[in-house]
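Worksheet: one structure, shown below.
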Amino acid sequence: MTTTGAKPQGATDEASAALAVREMFDAIAPRYDLLNHVLSANVDRLWWWRAARRFRAVLADPDAAVMDICCGTGDMTMALLKRRPRGARPTLAADFSRNMLSRGAKKFGVGARKAGEPYAVPLEADALQLPLKLGSLDLIVSAFGFRNLANYEAGLREFHRVLKPGGQLGILEFSEPGGFIGKAYAVYFRRVLPAIGRAICGKDGAYSYLPVSVGNFPSPEEMLRLMSAAGYEQCAWQPYTFGIAGLYTARRGAVA
Ligand SMILES: C[S@@+](CC[C@H](N)C(=O)[O-])C[C@H]1O[C@@H](n2cnc3c(N)ncnc32)[C@H](O)[C@@H]1O
């Protein structure tokens, strides 16, 4: 079986691809939030909010075990926490970049929240080898992180392993829209965005890597096929903002 995954420049195998991604995020962490909001004109906030709203039923259950994987600086996690009731079981927020995660923890960690407010527990972990037991989660969400995994099939299998039977998966990712919007967006995404990224960040890597990684990411049809092949049911894709981004959703089958 052929596998697919992120291939940052210079990476020769999955281990070197993962290391390159982690080092890149560690390096851009101090500027990540600023860059994100500038480059997306704050539309990213709407995407996180919509993704969280899609899972409002499970998030409203105080006992639900929820994880935001590839949480980075925590804005998806914060959107999830807004929908958790007071006193809810803490949400897990996991990432393998310590610099990204420590910034996130300043927003979602217990120390940053008022008494009784829902909070998240930071977990430094690799999405491909989660330190969690089989069948332990009701919901896994990932925003703009899945594309960076060194092996997409392995990532889907690992999420499937840690989801409870009937548990839900949501993957928010960029995609490449077609038609006129797609052409106009491609100019922004491939030329303007890396230039702004370079100007704010002073580094070339990450914001040149972004359009390349989106271009290499499976199409929605292919991604849905990978999800089905990994054993998920009810696999679907909901495009956001003309298909610039979109939410993949699926369930682990109810039978263990
Ligand atoms: C583009 S950022 C997204 C952060 C956040 N979810 C958001 O929406 O802003 C991608 C994050 O995925 C993390 N990541 C990439 N590959 C990972 C892996 N194999 N395991 C854990 N985290 C990973 C990176 O460290 C980075 O923080």
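The values are calculated or read from the model by the stated rules, or taken from the named source; none is laboratory data. Just so you know, these numbers come straight off a predicted model, no measurement behind them. Cβ: placed from backbone, ideal geometry, glycine included. Neighbour counts: every protein chain shown.
Pairing each residue of the range 44-60 that is at pLDDT below 95 with any residue that is among the polar types (S, T, N, Q) and within 15 Å of the ligand (Cβ to nearest atom), provided the two are 6+ apart or on different chains, yields C-beta distances under 6 Å for D44/N36. Would you confirm whether any residue within the range 5-22 is touching a Phe, Trp or Tyr at 6+ places or on another chain (Cβ under 9 Å), assigned to a helix (DSSP H, G or I) and either free of Cβ contacts under 8 Å to residues at least 12 places away in the same chain or not small (G, A, S) (or both)? Yes, some residue in the range 5-22 is touching a Phe, Trp or Tyr at 6+ places or on another chain (Cβ under 9 Å), assigned to a helix (DSSP H, G or I) and either free of Cβ contacts under 8 Å to residues at least 12 places away in the same chain or not small (G, A, S) (or both). Return a yes/no flag: does the range 135-145 have any residue that is closer than 20 Å to A15 by Cβ, within 15 Å of the chain's Cα centre (by Cα) and of a type in the set (F, W, Y). The answer is no, given that none of the residues of the range 135-145 is closer than 20 Å to A15 by Cβ, within 15 Å of the chain's Cα centre (by Cα) and of a type in the set (F, W, Y). M67 meets the conditions (1) out of contact with any Leu (no Cβ under 8 Å at 6 or more places or on another chain); (2) under 30 Å from A15 (Cβ atoms) in every case but one. The failed one is (1).
Among the conditions (1) over 22 Å from L46 (Cβ atoms); (2) modelled with pLDDT of 85 or more, P220 misses just one, which is (1). Between G104, G205, G197, the distinction of being at pLDDT 95 or above and either closer than 29 Å to E14 by Cβ or of a type in the set (G, A, S) (or both) belongs to G104 only. Within the range 106-117, is even one residue crowded, with 21+ Cβ neighbours inside 10 Å and of a type in the set (A, V, I, L, M)? Within the range 106-117 (the criterion being crowded, with 21+ Cβ neighbours inside 10 Å and of a type in the set (A, V, I, L, M)), the answer is no, since none of the residues qualifies.
Rundown of residues vs (1) more than 10 Å from the ligand (Cβ to nearest atom); (2) out of contact with any His (no Cβ under 6 Å at 6 or more places or on another chain); (3) over 22 Å from G5 (Cα atoms), yes/no style:
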site: G104; (1), (2), (3): no, yes, yes
site: R113; (1), (2), (3): yes, yes, yes
site: K133; (1), (2), (3): yes, yes, yes
site: R147; (1), (2), (3): no, yes, no
site: E153; (1), (2), (3): yes, yes, no
site: H160; (1), (2), (3): yes, yes, no
site: K164; (1), (2), (3): yes, yes, yes
site: A184; (1), (2), (3): yes, yes, yes
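Contact annotation: residue pairs with Cβ atoms under 6 Å, 6 or more positions apart or on different chains, pairing a residue in the range 174-200 that is farther than 20 Å from L247 by Cβ with a partner that is polar (S, T, N, Q) and assigned to a helix (DSSP H, G or I), are P194/S208. Among the residues making up the range 35-79, those that are within 22 Å of K106 (Cα to Cα) and aromatic (F, W, Y) are W47, W48, W49. Of all the listed residues (A120, A127), the sole one being free of Cβ contacts under 8 Å to residues at least 60 places away in the same chain, touching a strand residue (DSSP E or B) at 6+ places or on another chain (Cβ under 7 Å), within 14 Å of M76 (Cα to Cα) and within 16 Å of the ligand (Cβ to nearest atom) is A120. Are any residues in the range 46-77 under 18 Å from the mean Cα position of the chain (by Cα) and more than 10 Å from the ligand (Cβ to nearest atom), and if so, which ones? Within the range 46-77, L46, W49, R50, A52, R53, R54, F55, R56, L59, A65, V66, M67 meet the criteria. Filtered by the rule that a residue be within 13 Å of the ligand (Cβ to nearest atom) and surrounded by fewer than 24 Cβ atoms within 10 Å (Cβ to Cβ), the range 135-145 gives a lone residue, F144.
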